[in-house]
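Each remark here refers to the structure printed beneath this line.
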Amino acid sequence: MQVKRKDLEKAVEIDILSSSQAESLWSFLRAQNKDIPSFQMTHILYYFGGMIAIGAMSLFMTLGWERFGGFGLFVICVIYAILLIILTEVFLIRQLVIPAGIFATLVVVLVPLAVYGLQASLGYWDDHTSYRNYHRYIDWRWAIMELSTLAIGVFMVYRYRLPFLVMPVAVTLWYMSMDLAPLFVQLFGWVHAKDDFFGSYWELKQNISLWFGLWMIAVAFIVDIKNKTSKDFSFWLYFWGVLAFWGALSSMHSDSELSKFFYCCINVLMIFVGAMIGRKVFVVFGGLGVAFYLGRLSYVVFEDSILFPFALTFIGLLIVSMGIYWQRHEERIHHVLKQILPLQLRILLEKSSMN
């Protein structure tokens, strides 16, 4: 639950707090939450500038950097990384946690470029492969760069305990989920799968992405349960895990209406899971999935049906009624859930209900 200034002003109006108490409480809450990302100008500037800098060293890297040569790229990245670590330490000493997290994250973002430069200097890459392709094309040969990024990323998270550092780790895991398919083809000789790109090879990539996404969600859930601090180390793992799982699930083709209905049920389940553990990413993607399914029913299956809009309206009102019932009996429902669920999961649910 987020407390706003107007909430304290309302408490003053009805004599719950005095004006001085409200002012002191507001100052205390602002000091407590200054390092928690929120939609305020300072944090927007932090992250906007940080994302531009991260993009400059990853997605928007120009071909001009290739002129430095492989070893030149490696040396530049090492110098950059040393300066960024010094700035991270300085910002932490000054208790500027969010800028420190952004600069520490930049160190991790530089790892694949540094490894690419080192590999290029050793003759690993041909003249037709540039670093820009790392963020554009699926290739099993990126594996060394990805594993190095994961190793440095995990070390940085362990060293600094800054949640934003999990972002490049989660993105790298997502990249790996896509690069695993051609790696398996190369290792196990599944050449016949690669010949039919829109057939078995495409299905292989979908299945790997789906199960990899589920694995990331499971890891995020475990991190959520084990986390004893107010810092959110699970957000990026949930985000990229759900994106990999839902993206693979939504791209799967089936001519069976039962399979499509099952897809809708999975998305509905995602909405309920997201509501229970307090993770909006499940609700957003689950809602999109349900909307896609209902849109297909409207435009394909029941294109000429008069009753379909009425049936859909009834279902919508039924769901609203369920929400009303939940609100009126929330304490009793939570009490029943507490008797059934394991202790760690109960703690997580209690934590999410306080947000």
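The values are calculated or read from the model by the stated rules, or taken from the named source; none is laboratory data. If you're wondering where the values come from, they're calculated on a predicted model, not measured in any experiment. Positions of Cβ are backbone-derived with ideal geometry, glycine not excepted, and every protein chain shown enters the neighbour counts.
Kindly indicate whether A104 is hydrophobic (A, V, I, L, M, F, W, C), crowded, with 22+ Cβ neighbours inside 10 Å and in contact (Cβ under 8 Å) with a residue 60 or more places away in the chain. The answer is yes for A104. For the stretch 135-146, the set of residues classified as assigned to a helix (DSSP H, G or I) and touching a residue at least 40 places away in the same chain (Cβ under 8 Å) consists of H135, W140, A143, listed by residue number. Here I85 qualifies as out of contact with any strand residue (DSSP E or B) (no Cβ under 6 Å at 6 or more places or on another chain), under 24 Å from F48 (Cα atoms) and free of Cβ contacts under 8 Å to residues at least 24 places away in the same chain.
For the structure I just gave you, tell me whether S259 is free of Cβ contacts under 8 Å to residues at least 12 places away in the same chain and not in a helix (DSSP H, G or I). Break it down into steps so the answer makes sense when it comes.
On the way: free of Cβ contacts under 8 Å to residues at least 12 places away in the same chain: yes; not in a helix (DSSP H, G or I): no.
So S259 does not fit the description; no.
Checked against the criterion of being under 15 Å from Y175 (Cα atoms) and either touching a residue at least 40 places away in the same chain (Cβ under 8 Å) or crowded, with 16+ Cβ neighbours inside 10 Å (or both), the candidates T149, T129 yield just one match: T149. When residues in the stretch 262-287 are screened for being touching a residue at least 60 places away in the same chain (Cβ under 8 Å) and either loosely packed, with under 15 Cβ neighbours inside 10 Å or among the hydrophobic types (A, V, I, L, M, F, W, C) (or both), 2 of them pass. Filtering the stretch 1-20 to residues that are in contact with a helix residue (DSSP H, G or I) (Cβ under 8 Å, 6 or more places away or on another chain) and either modelled with pLDDT of 70 or more or in a helix (DSSP H, G or I) (or both) leaves R5, L8, E9, A11, V12, L17, S18, S19. Scanning the stretch 107-126 for residues that are surrounded by fewer than 22 Cβ atoms within 10 Å (Cβ to Cβ) and over 25 Å from R159 (Cβ atoms) yields a count of 7.
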